[in-house]
Amino acid sequence: MIPHWLGLAVCLVALTTAQAELRINQVQFVGSHNSYKLAMSEPYRTLLSWSDENSAKALEYSHLPLAQQLDLGLRKLELDVFYRPQTGEFTVGHIQLIDMNSHCETLRLCLDQLVRWSRLHPDHEPIWISFNAKDQIIDWLPKPTPFDAAAFHTLDRVLEAALEGMLIRPADVKVAGQRQPIWPLLDDARGKFLLVLDETGWKRDLYLTDWRKRPMFAAVDADHPAAAVLIINDPVAEQARIRDLVSVGFLVRTRADANTVEARANDIRRRDAAFASGAQAISTDYYLPSNPFGNDYRVWIEEAVRCNPISAPVICGPAAAQ
(Lines give C-alpha, C1' and ligand atoms only; values in the text may rest on other atoms or scores of the structure.)
Protein backbone atom coordinates (compact mmCIF):
# COMPACT_ATOMS: atom_id res chain seq x y z
CA MET A 1 0.00 0.00 0.00
CA ILE A 2 1.34 3.45 -0.87
CA PRO A 3 1.88 5.56 2.27
CA HIS A 4 -0.55 8.44 2.65
CA TRP A 5 2.23 11.02 2.70
CA LEU A 6 3.69 9.66 -0.54
CA GLY A 7 0.35 9.79 -2.31
CA LEU A 8 -0.12 13.36 -1.13
CA ALA A 9 3.35 14.32 -2.34
CA VAL A 10 2.68 12.81 -5.77
CA CYS A 11 -0.59 14.77 -6.01
CA LEU A 12 1.15 18.01 -5.05
CA VAL A 13 3.87 17.47 -7.66
CA ALA A 14 1.25 16.71 -10.32
CA LEU A 15 -0.74 19.81 -9.37
CA THR A 16 2.36 22.02 -9.44
CA THR A 17 3.34 20.62 -12.84
CA ALA A 18 -0.17 21.12 -14.23
CA GLN A 19 -0.26 24.73 -13.03
CA ALA A 20 3.17 25.42 -14.52
CA GLU A 21 1.91 24.16 -17.88
CA LEU A 22 -1.25 26.28 -17.90
CA ARG A 23 -1.74 28.45 -20.95
CA ILE A 24 -3.37 31.85 -20.90
CA ASN A 25 -6.57 30.48 -22.43
CA GLN A 26 -6.94 28.02 -19.52
CA VAL A 27 -7.71 30.60 -16.84
CA GLN A 28 -10.61 32.91 -16.12
CA PHE A 29 -10.57 36.45 -14.75
CA VAL A 30 -12.75 39.49 -14.12
CA GLY A 31 -12.32 42.88 -15.71
CA SER A 32 -14.04 46.23 -15.87
CA HIS A 33 -16.18 47.70 -18.62
CA ASN A 34 -15.12 51.19 -19.82
CA SER A 35 -12.43 51.03 -17.16
CA TYR A 36 -11.35 54.68 -17.34
CA LYS A 37 -14.81 56.08 -16.64
CA LEU A 38 -15.70 58.61 -14.00
CA ALA A 39 -19.28 59.66 -13.28
CA MET A 40 -20.96 61.98 -15.76
CA SER A 41 -20.97 65.65 -14.83
CA GLU A 42 -24.31 66.43 -13.19
CA PRO A 43 -25.47 69.06 -15.72
CA TYR A 44 -25.07 66.57 -18.57
CA ARG A 45 -26.70 63.82 -16.51
CA THR A 46 -29.70 66.07 -15.88
CA LEU A 47 -30.03 67.13 -19.51
CA LEU A 48 -29.83 63.54 -20.72
CA SER A 49 -32.40 62.36 -18.19
CA TRP A 50 -34.87 64.95 -19.47
CA SER A 51 -34.66 63.57 -22.98
CA ASP A 52 -34.00 59.87 -22.27
CA GLU A 53 -34.14 58.67 -18.68
CA ASN A 54 -33.24 55.07 -19.56
CA SER A 55 -30.07 56.16 -21.35
CA ALA A 56 -29.13 58.31 -18.37
CA LYS A 57 -29.61 55.36 -16.01
CA ALA A 58 -27.47 53.14 -18.26
CA LEU A 59 -24.56 55.55 -17.81
CA GLU A 60 -24.74 55.68 -14.01
CA TYR A 61 -21.53 53.81 -13.28
CA SER A 62 -17.90 54.73 -12.67
CA HIS A 63 -14.63 53.07 -11.77
CA LEU A 64 -11.60 53.29 -9.53
CA PRO A 65 -8.28 54.49 -11.00
CA LEU A 66 -6.72 51.88 -13.29
CA ALA A 67 -3.92 50.95 -10.90
CA GLN A 68 -6.37 50.38 -8.07
CA GLN A 69 -8.42 48.06 -10.27
CA LEU A 70 -5.30 46.04 -10.99
CA ASP A 71 -4.41 46.01 -7.28
CA LEU A 72 -7.81 44.41 -6.64
CA GLY A 73 -7.02 41.62 -9.11
CA LEU A 74 -8.81 42.76 -12.26
CA ARG A 75 -6.95 41.56 -15.34
CA LYS A 76 -9.10 42.95 -18.13
CA LEU A 77 -9.56 46.64 -18.94
CA GLU A 78 -11.32 48.62 -21.66
CA LEU A 79 -10.36 51.98 -23.16
CA ASP A 80 -12.43 54.04 -25.62
CA VAL A 81 -10.36 56.36 -27.80
CA PHE A 82 -11.15 59.36 -30.02
CA TYR A 83 -8.56 60.37 -32.62
CA ARG A 84 -7.14 63.91 -32.70
CA PRO A 85 -5.20 64.12 -36.01
CA GLN A 86 -3.95 67.65 -35.31
CA THR A 87 -1.83 66.38 -32.42
CA GLY A 88 -1.63 62.65 -33.08
CA GLU A 89 -3.23 62.11 -29.67
CA PHE A 90 -6.09 59.85 -28.65
CA THR A 91 -8.54 61.22 -26.12
CA VAL A 92 -10.04 58.66 -23.75
CA GLY A 93 -13.78 58.96 -23.06
CA HIS A 94 -17.15 57.38 -23.63
CA ILE A 95 -19.45 59.82 -25.46
CA GLN A 96 -18.14 63.03 -26.97
CA LEU A 97 -18.71 66.07 -24.77
CA ILE A 98 -21.31 64.63 -22.37
CA ASP A 99 -19.53 61.54 -20.94
CA MET A 100 -15.82 62.24 -21.19
CA ASN A 101 -14.77 62.30 -17.53
CA SER A 102 -11.81 59.93 -17.30
CA HIS A 103 -9.08 58.86 -14.89
CA CYS A 104 -6.65 59.50 -17.78
CA GLU A 105 -7.59 62.02 -20.45
CA THR A 106 -5.33 60.63 -23.18
CA LEU A 107 -4.26 57.16 -24.23
CA ARG A 108 -0.63 57.92 -23.46
CA LEU A 109 -1.52 58.85 -19.88
CA CYS A 110 -3.55 55.65 -19.47
CA LEU A 111 -0.71 53.53 -20.83
CA ASP A 112 1.83 55.31 -18.61
CA GLN A 113 -0.27 54.38 -15.57
CA LEU A 114 -0.50 50.75 -16.67
CA VAL A 115 3.21 50.42 -17.46
CA ARG A 116 4.12 51.99 -14.13
CA TRP A 117 1.93 49.47 -12.30
CA SER A 118 3.29 46.59 -14.37
CA ARG A 119 6.90 47.43 -13.56
CA LEU A 120 6.05 47.46 -9.86
CA HIS A 121 4.42 44.01 -10.25
CA PRO A 122 6.54 42.27 -12.92
CA ASP A 123 5.08 38.80 -12.24
CA HIS A 124 1.47 39.81 -12.85
CA GLU A 125 -0.80 37.69 -15.02
CA PRO A 126 -1.24 39.07 -18.55
CA ILE A 127 -3.58 42.05 -18.73
CA TRP A 128 -6.15 42.13 -21.52
CA ILE A 129 -7.00 45.62 -22.82
CA SER A 130 -9.88 46.10 -25.25
CA PHE A 131 -10.16 49.21 -27.41
CA ASN A 132 -13.15 50.86 -29.04
CA ALA A 133 -12.28 53.26 -31.87
CA LYS A 134 -14.91 55.94 -31.23
CA ASP A 135 -16.22 57.86 -34.24
CA GLN A 136 -20.00 57.54 -34.04
CA ILE A 137 -21.91 60.61 -35.15
CA ILE A 138 -24.57 61.57 -32.58
CA ASP A 139 -27.09 64.33 -33.19
CA TRP A 140 -26.37 67.62 -31.40
CA LEU A 141 -22.90 66.50 -30.30
CA PRO A 142 -19.49 67.36 -31.82
CA LYS A 143 -18.64 65.24 -34.84
CA PRO A 144 -15.64 62.95 -34.12
CA THR A 145 -12.81 62.25 -36.54
CA PRO A 146 -13.38 58.99 -38.44
CA PHE A 147 -10.89 56.17 -37.91
CA ASP A 148 -9.09 55.62 -41.20
CA ALA A 149 -5.87 53.80 -42.05
CA ALA A 150 -3.76 56.72 -40.84
CA ALA A 151 -5.57 56.79 -37.50
CA PHE A 152 -5.00 53.08 -36.93
CA HIS A 153 -1.33 53.33 -37.86
CA THR A 154 -0.93 56.19 -35.40
CA LEU A 155 -2.74 54.15 -32.75
CA ASP A 156 -0.38 51.24 -33.39
CA ARG A 157 2.65 53.51 -32.97
CA VAL A 158 1.39 54.83 -29.64
CA LEU A 159 0.76 51.31 -28.36
CA GLU A 160 4.10 49.97 -29.60
CA ALA A 161 6.04 52.84 -28.07
CA ALA A 162 4.42 52.54 -24.66
CA LEU A 163 4.38 48.74 -24.42
CA GLU A 164 7.59 47.81 -26.21
CA GLY A 165 8.69 44.33 -25.19
CA MET A 166 5.51 43.81 -23.11
CA LEU A 167 3.05 42.62 -25.77
CA ILE A 168 1.46 39.29 -26.60
CA ARG A 169 1.07 39.80 -30.32
CA PRO A 170 -1.13 38.13 -32.95
CA ALA A 171 2.03 36.65 -34.46
CA ASP A 172 2.80 34.94 -31.12
CA VAL A 173 -0.25 32.68 -31.35
CA LYS A 174 0.27 29.44 -33.22
CA VAL A 175 -2.59 27.64 -34.90
CA ALA A 176 -3.09 23.87 -34.94
CA GLY A 177 -5.52 21.88 -37.05
CA GLN A 178 -8.77 23.55 -37.97
CA ARG A 179 -8.32 26.99 -36.45
CA GLN A 180 -7.30 25.95 -32.94
CA PRO A 181 -5.14 28.69 -31.38
CA ILE A 182 -2.21 27.63 -29.20
CA TRP A 183 -1.49 30.35 -26.66
CA PRO A 184 1.69 31.07 -24.69
CA LEU A 185 2.13 29.53 -21.27
CA LEU A 186 0.73 31.62 -18.45
CA ASP A 187 4.13 31.85 -16.77
CA ASP A 188 5.77 32.98 -20.03
CA ALA A 189 3.12 35.71 -20.42
CA ARG A 190 3.57 37.28 -17.00
CA GLY A 191 4.26 40.99 -17.08
CA LYS A 192 2.70 41.35 -20.52
CA PHE A 193 -0.38 42.85 -22.16
CA LEU A 194 -2.80 41.47 -24.73
CA LEU A 195 -4.54 44.13 -26.81
CA VAL A 196 -7.84 43.64 -28.64
CA LEU A 197 -9.63 45.91 -31.10
CA ASP A 198 -13.32 45.55 -30.20
CA GLU A 199 -14.83 46.66 -33.51
CA THR A 200 -16.85 45.13 -36.32
CA GLY A 201 -17.53 46.01 -39.95
CA TRP A 202 -15.30 48.23 -42.01
CA LYS A 203 -13.15 49.45 -39.10
CA ARG A 204 -12.23 45.92 -38.14
CA ASP A 205 -11.64 44.96 -41.79
CA LEU A 206 -9.40 47.98 -42.26
CA TYR A 207 -7.33 47.02 -39.21
CA LEU A 208 -6.98 43.43 -40.45
CA THR A 209 -4.70 44.65 -43.24
CA ASP A 210 -1.29 43.14 -42.36
CA TRP A 211 -2.83 41.79 -39.13
CA ARG A 212 0.20 39.61 -38.37
CA LYS A 213 2.28 42.79 -37.92
CA ARG A 214 -0.23 44.61 -35.75
CA PRO A 215 -0.01 44.94 -31.96
CA MET A 216 -3.75 44.36 -31.44
CA PHE A 217 -5.83 41.27 -32.07
CA ALA A 218 -9.01 41.88 -34.04
CA ALA A 219 -12.21 40.24 -32.83
CA VAL A 220 -13.18 38.08 -35.81
CA ASP A 221 -15.24 34.92 -36.30
CA ALA A 222 -13.61 31.56 -35.70
CA ASP A 223 -13.26 30.74 -39.41
CA HIS A 224 -11.14 33.82 -40.19
CA PRO A 225 -7.34 33.36 -40.60
CA ALA A 226 -6.77 35.95 -37.86
CA ALA A 227 -9.19 34.30 -35.43
CA ALA A 228 -7.93 34.02 -31.87
CA VAL A 229 -10.08 36.37 -29.76
CA LEU A 230 -13.85 36.79 -29.87
CA ILE A 231 -16.22 39.28 -28.23
CA ILE A 232 -19.53 37.59 -27.36
CA ASN A 233 -21.44 39.84 -25.01
CA ASP A 234 -24.49 37.70 -24.14
CA PRO A 235 -23.48 34.63 -22.09
CA VAL A 236 -27.09 33.54 -21.64
CA ALA A 237 -28.21 33.35 -25.27
CA GLU A 238 -24.79 32.25 -26.52
CA GLN A 239 -23.68 29.95 -23.71
CA ALA A 240 -23.19 26.91 -25.94
CA ARG A 241 -21.27 28.86 -28.58
CA ILE A 242 -18.90 30.33 -26.01
CA ARG A 243 -18.24 26.93 -24.42
CA ASP A 244 -17.50 25.38 -27.82
CA LEU A 245 -15.06 28.14 -28.76
CA VAL A 246 -13.27 28.08 -25.41
CA SER A 247 -12.95 24.30 -25.54
CA VAL A 248 -10.87 24.46 -28.74
CA GLY A 249 -8.58 27.28 -27.62
CA PHE A 250 -10.18 30.63 -28.40
CA LEU A 251 -10.15 33.54 -25.99
CA VAL A 252 -13.61 35.01 -25.36
CA ARG A 253 -14.80 38.13 -23.59
CA THR A 254 -18.36 38.31 -22.34
CA ARG A 255 -20.35 40.62 -20.06
CA ALA A 256 -21.81 39.75 -16.67
CA ASP A 257 -23.95 42.89 -16.68
CA ALA A 258 -24.85 45.80 -18.93
CA ASN A 259 -26.44 49.23 -18.66
CA THR A 260 -26.76 48.88 -14.85
CA VAL A 261 -29.74 46.52 -15.33
CA GLU A 262 -28.50 43.44 -13.46
CA ALA A 263 -26.96 45.43 -10.63
CA ARG A 264 -30.12 47.44 -10.01
CA ALA A 265 -32.20 44.24 -9.80
CA ASN A 266 -29.53 42.15 -8.03
CA ASP A 267 -30.03 39.65 -10.87
CA ILE A 268 -27.16 37.14 -10.93
CA ARG A 269 -28.38 34.95 -13.81
CA ARG A 270 -26.24 36.64 -16.46
CA ARG A 271 -23.23 36.74 -14.12
CA ASP A 272 -23.47 33.02 -13.36
CA ALA A 273 -23.92 32.20 -17.04
CA ALA A 274 -20.80 34.21 -17.85
CA PHE A 275 -18.66 32.25 -15.39
CA ALA A 276 -20.14 28.90 -16.44
CA SER A 277 -19.56 29.62 -20.14
CA GLY A 278 -15.79 29.44 -19.70
CA ALA A 279 -15.26 32.85 -21.29
CA GLN A 280 -11.85 33.89 -20.05
CA ALA A 281 -12.62 37.59 -19.62
CA ILE A 282 -15.76 38.51 -17.66
CA SER A 283 -16.53 42.24 -17.86
CA THR A 284 -18.51 44.06 -15.18
CA ASP A 285 -19.11 47.47 -13.68
CA TYR A 286 -19.48 45.97 -10.18
CA TYR A 287 -16.38 44.30 -8.76
CA LEU A 288 -16.45 46.06 -5.37
CA PRO A 289 -18.11 44.57 -2.24
CA SER A 290 -20.85 47.20 -2.39
CA ASN A 291 -22.64 48.91 -5.25
CA PRO A 292 -24.62 52.17 -5.57
CA PHE A 293 -27.95 50.33 -5.60
CA GLY A 294 -27.77 48.99 -2.05
CA ASN A 295 -27.71 45.25 -2.75
CA ASP A 296 -25.16 42.43 -2.89
CA TYR A 297 -24.64 42.26 -6.66
CA ARG A 298 -20.94 41.73 -7.34
CA VAL A 299 -18.79 40.02 -9.96
CA TRP A 300 -15.59 38.78 -8.43
CA ILE A 301 -12.91 36.08 -8.28
CA GLU A 302 -11.07 35.77 -5.00
CA GLU A 303 -7.71 35.51 -6.76
CA ALA A 304 -6.70 37.47 -9.85
CA VAL A 305 -7.30 34.38 -12.00
CA ARG A 306 -8.85 30.96 -11.50
CA CYS A 307 -8.77 27.68 -13.40
CA ASN A 308 -11.06 27.91 -16.40
CA PRO A 309 -14.11 25.65 -15.88
CA ILE A 310 -14.10 24.61 -19.55
CA SER A 311 -10.54 24.67 -20.86
CA ALA A 312 -8.30 24.00 -17.83
CA PRO A 313 -7.07 20.47 -17.08
CA VAL A 314 -9.02 18.81 -14.26
CA ILE A 315 -5.99 18.66 -12.01
CA CYS A 316 -5.73 22.46 -12.10
CA GLY A 317 -8.22 22.52 -9.21
CA PRO A 318 -11.20 24.69 -8.23
CA ALA A 319 -11.29 28.37 -7.31
CA ALA A 320 -14.00 30.56 -5.93
CA ALA A 321 -15.99 33.12 -7.90
CA GLN A 322 -18.97 35.20 -6.87
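The values are calculated or read from the model by the stated rules, or taken from the named source; none is laboratory data. Keep in mind the model is a prediction, meaning the values are calculated, not measured. Here Cβ is always computed from backbone atoms with ideal geometry, including for glycine, and neighbour counts include all displayed protein chains. Note: areas computed on protein heavy atoms with side chains; ligands, DNA, RNA excluded. Shrake-Rupley method; radii C 1.70, N 1.55, O 1.52, S 1.80 Å.
Here is how the numbers come out for the structure above:
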quantity: P(r) weight above 15 Å for the range 169-224, C-alpha pairs, percent; calculated: 54 percent
quantity: DSSP loop GluC sites (Glu not before Pro) with at most 14 other Cβ within 10 Å excluded, longest remaining stretch of the chain; calculated: 22-163
quantity: C-alpha long axis of helix 149-162 to longest principal axis of the chain, angle in °; calculated: 50 degrees
quantity: Histogram of C-alpha separations across the chain, 20 Å bin width, %; calculated: 31, 58, 10, 1
quantity: For the range 89-233, share of DSSP beta bridges that run antiparallel, in % to the nearest 5; calculated: 35 percent
quantity: For the range 132-185, radius of gyration divided by Kirkwood radius, i.e. Rg to Rh on alpha-carbons; calculated: 1.17
quantity: Cα principal axis extents for the range 75-141, largest first, Å; calculated: 46, 23, 17
quantity: Sum of side-chain charges, E105 neighbourhood, beta-carbon under 13 Å (Lys, Arg +1; Asp, Glu -1); calculated: 0
quantity: For the range 193-322, fraction of C-alpha pairs farther apart than 27 Å, in %; calculated: 25 percent
quantity: Out-of-range pairs (alpha-carbon distance over 30 Å; input K37/K143; K143/K192; K76/K203; K57/K192; K174/K203); calculated: K143/K192; K57/K192
quantity: Local electrostatic count at S49 - Lys and Arg +1, Asp and Glu -1, tallied over other residues with Cβ under 14 Å; calculated: -3
quantity: Cα principal axis extents for the range 38-167, largest first, Å; calculated: 48, 36, 18
quantity: Fraction of accessible area attributable to carbon and sulfur, the chain (%, probe 1.4 Å); calculated: 55 percent
quantity: Tilt relative to the chain, helix 107-120 - C-alpha long axis, 0 to 90 degrees, to 10; calculated: 30 degrees
quantity: Probe 1.4 Å, accessible area per residue of the chain, Å²; calculated: 47 Å²
quantity: Within-13-Å neighbourhood charge of K192 [Cβ basis; K, R +1; D, E -1]; calculated: -2
quantity: Note, ³J(HN,Hα) from phi for the range 23-37, Karplus 6.51, -1.76, 1.60, rounded to Hz, x at Gly and Pro; calculated: 9, 5, 8, 9, 10, 9, 8, 9, x, 9, 9, 6, 4, 7, 6
quantity: Alpha carbon centroid spacing (whole Å) that separates the range 153-167 from the range 88-136; calculated: 13 Å
quantity: Value at 222 nm in deg cm²/dmol, rounded to 500, when DSSP H runs of n ≥ 4 in the chain each add -39,500 (n - 2.57); calculated: -9000 deg cm²/dmol
